[in-house]
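Presented below is the structure to which this report refers.
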Amino acid sequence: RAKDAGGSRYELADPDSDARAIDRHSLTTRLPAALEWDEFFLEYQPLIRMSDGHVEGAEALVRWKHPVHGRLGPDRFIPLAEHTGLIVPLGRWVMEQAVRQACAWHEERGKGGGNGKKKNGKNGDALAERPLRVNVNLSPRQLHHPDLVPDTIAVLEAAGMPPSSLCLEVTESALIGADEDELKPLRQLAELGVEIALDDFGTGYSNLANLRRLPATTLKLDRSFTQGLQQHPADPVDVTFVEGIVTLAHALGLAVTVEGVETEHQAAQLRDMGCDTAQGWYYARPGPASTFVQGFAVT
Ligand code: C2E
Ligand code: MG
Ligand code: MG
Ligand code: MG
């Protein structure tokens, strides 16, 4: 066996990658049971209107409470679920939970919880108040699934929520090269009033001229640009880029959301640059729906 030593050494050279492969395999095979046994849960991160600091809504972010490995973030398992197709039922579950949660926040507010201030108009009917919006991430596989439109409509109807209280986030890379047929489901949803955000904007190789053609209502600028602003002085290329994108987006009738705002300094700069909505640790980390209500939505 001494002759094999070289080969064995070679195999052992990267034990981590082996462990990761096994890990991926065991995580993948466990996914369906995890969905069945309710091991997934959602956290919510507030979306803040920059002009006045009001909470407009929240992004739902899925996590997995794994019985052995503990809490796993979406980067660990969403790509696996996307690969096997489990993302379709998982994504449907996420949307259902998130829309139900938005509905619960809405009712909570309607009760006049918190400071009891009535800021609604007309007949003093609190339910007339615009519901908090909930943002849900869609993976490419969901985007191309024939049930996307009927499922989304069914979820909204079951909760009695107006379509505009749901925002679907799709990455620009998922839409690159999409032809008119492939855009049709999103376009249909947008026509119903569902908001569509282009997530991680600026990281793909997007054709800016293509933007006009997409049924998006919001651009979500990727965190990497926000990070560039944190340096002193701010990276001039990032400054120019953000300002340019904001101008272009507004000209096309799109709102701009910025992700990954971690400091007051970044927040102030991004507000001055005309960004509409912000999300990031400076305002709040993702957390359970209950803290969201106590800390933001009701007051
Ligand atoms: P994303 O949609 O771009 O979500 C934003 C990510 O940035 C989240 O990571 C959030 O926790 C993180 N984040 C927010 N503010 C800050 C900040 O100030 N600083 C830093 N460093 N990070 C911040 P998370 O929760 O790990 O999610 C990662 C990605 O997983 C998401 O990126 C999204 O692409 C995907 N994902 C999450 N939930 C779902 C889901 O239900 N379905 C699908 N298809 N994808 C999901
Ligand atoms: Mg997102
Ligand atoms: Mg994003
Ligand atoms: Mg991202």
Which order results if S165, S224 are arranged by neighbouring Cβ count within 10 Å, fewest first?
-> S224, S165
With the cut-off at 12 Å, report for region 52-112 the share of all Cα pairs above it, as a whole percent.
-> 76 percent
If you stretched the chain out fully between E96 and A268, how much longer would it get, using 0.36 nm times the residue separation minus the C-alpha to C-alpha distance?
-> 58.4 nm
Where a ≥ b ≥ c are the square roots of the eigenvalues of the C-alpha gyration tensor, would you call region 25-91 rounded, which needs a/c under 1.5, or, failing that, prolate if a/b is larger than b/c, or oblate?
-> prolate
Rounded FRET efficiency, nearest 0.05, which uses the C-beta distance separating E182 from I153 and R0 of 22 Å | 0.70
Between H25 and E39, what length comes free when the chain is fully extended (0.36 nm per residue of separation minus the Cα-Cα distance, one decimal in nm)?
-> 3.3 nm
Estimated Rh, region 193-299: Kirkwood, alpha-carbon pairs, angstrom | 14.7 Å
Taking the dipole about the Cα centre of region 232-291, with the C-beta of Lys and Arg at +1 and of Asp and Glu at -1, give me whichever of G287, T277, A255 is farthest to the positive side.
-> G287
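Every number in this text was worked out from the coordinates using simple rules, so none of it is lab data. Given the structure is predicted, the values throughout are model-derived calculations rather than measurements. Note that we place each Cβ from the backbone using ideal geometry, even for glycine, and neighbour counts take in every protein chain shown.
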